[in-house]
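Undergrad: My structure is below; once you've seen it, I'll send some questions.
The values are calculated or read from the model by the stated rules, or taken from the named source; none is laboratory data. Bear in mind the structure is a predicted one, so any value in this text is a computation, not a measurement. For neighbour counting, all protein chains shown are included, and Cβ atoms are generated from backbone atoms with ideal geometry for every residue, glycine included.
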Amino acid sequence: MSWKLERPPRQADERTALIGWLDLQRQILRWKCEGLSDEDARRAVIPTSPAMTMAGLISHMRWTEHVWLEVVFLGGDKKQNPAFDESNEGADWDAGGRPLAELLTEYEAQCARSNEIVAAASLDDVGRHPDFRDSSANLRWILIHLVEETGRHAGHADIVRELVDGTKGYF
């Protein structure tokens, strides 16, 4: 794997630090997909968690970004997000057999959209969706949560990638 991953500046303002750490975790997820075939990206390697594939992780994280910033924070339509499909638990993990490159493109577009939303708001702004208790959280809290969730799933990607083809790597 040939990515050069860097931490955000050590003397950064709060917004730069939060987005910097989130972007680093996003990059790690993409890095862990480098060189994987579509077949390997869909291969389930954890018997008790069949949705925990590289493709599933990327799909889930795309929709996680959407739910927190476009739905909870901006008050957007939750029906656009498969995580709210009550007839299919875990629908946001379902990559539908789509190519990994397509999933990564969608994830990158969602991350770019998320960064646009963050750039246009104050860290003290609170969510707007009336149906979610978490809408009372400010943008700062939401970003910290996204750093935590993305980092946790980047750790899952480390394990999945090693089980798929033995590839290891720490930035």
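Undergrad: Of all residues in region 51-93, which are over 23 Å from residue 151 (Cβ atoms) and in a loop (DSSP other than H, G, I, E, B)?
TA: 74, 75, 76, 77, 85, 86, 87, 88, 89
Undergrad: Quick check on this structure: which one of 86, 106, 102, 149 is more than 17 Å from residue 42 (Cβ to Cβ), modelled with pLDDT of 95 or more and either buried (at least 16 other Cβ atoms within 10 Å of the Cβ) or not basic (Lys, Arg) (or both)?
TA: On the way: 86 fails: modelled with pLDDT of 95 or more; 106 fails: more than 17 Å from residue 42 (Cβ to Cβ); 102 fails: more than 17 Å from residue 42 (Cβ to Cβ).
When all the criteria are applied, what remains is 149.
Undergrad: Out of region 113-135, which residues are farther than 17 Å from residue 76 by Cβ and among the polar types (S, T, N, Q)?
TA: Hit for region 113-135 is 122, nothing else.
Listed here are the residues, each with its yes/no results for (1) under 16 Å from residue 56 (Cα atoms); (2) out of contact with any helix residue (DSSP H, G or I) (no Cβ under 8 Å at 6 or more places or on another chain).
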| site | (1), (2) |
| --- | --- |
| 75 | no, no |
| 83 | yes, no |
| 91 | yes, no |
| 109 | no, yes |
| 114 | no, no |
| 125 | no, no |
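Undergrad: Take residue 58 and decide whether it is more than 16 Å from residue 132 (Cβ to Cβ), in contact (Cβ under 8 Å) with a residue 24 or more places away in the chain, β-branched (Val, Ile, Thr) and surrounded by fewer than 16 Cβ atoms within 10 Å (Cβ to Cβ). Outline the logic, then answer.
TA: Details: more than 16 Å from residue 132 (Cβ to Cβ): yes; in contact (Cβ under 8 Å) with a residue 24 or more places away in the chain: yes; β-branched (Val, Ile, Thr): yes; surrounded by fewer than 16 Cβ atoms within 10 Å (Cβ to Cβ): no.
Answer is no for this residue.
Undergrad: Counting only residues that are over 21 Å from the mean Cα position of the chain (by Cα) and acidic (Asp, Glu), which one in region 125-147 is farthest from residue 114 (Cα to Cα)?
TA: 131
Undergrad: Go through (1) part of a loop (DSSP other than H, G, I, E, B); (2) within 19 Å of residue 151 (Cα to Cα) for residue 48 and report which single condition fails.
TA: (2)
Undergrad: Further, regarding this structure: Just for region 1-35: of the residues that are of a type in the set (Val, Ile, Thr) and under 28 Å from residue 100 (Cβ atoms), which one is surrounded by the most Cβ atoms within 10 Å (Cβ to Cβ)? Before you say what the answer is, go through the steps one by one.
TA: Our first condition is that a residue be of a type in the set (Val, Ile, Thr); within region 1-35, this holds for 16, 19, 28.
Next, from what is left, pick out any that are under 28 Å from residue 100 (Cβ atoms): 19, 28.
Details: 19: 19, 28: 21.
In this case the residue turns out to be 28.
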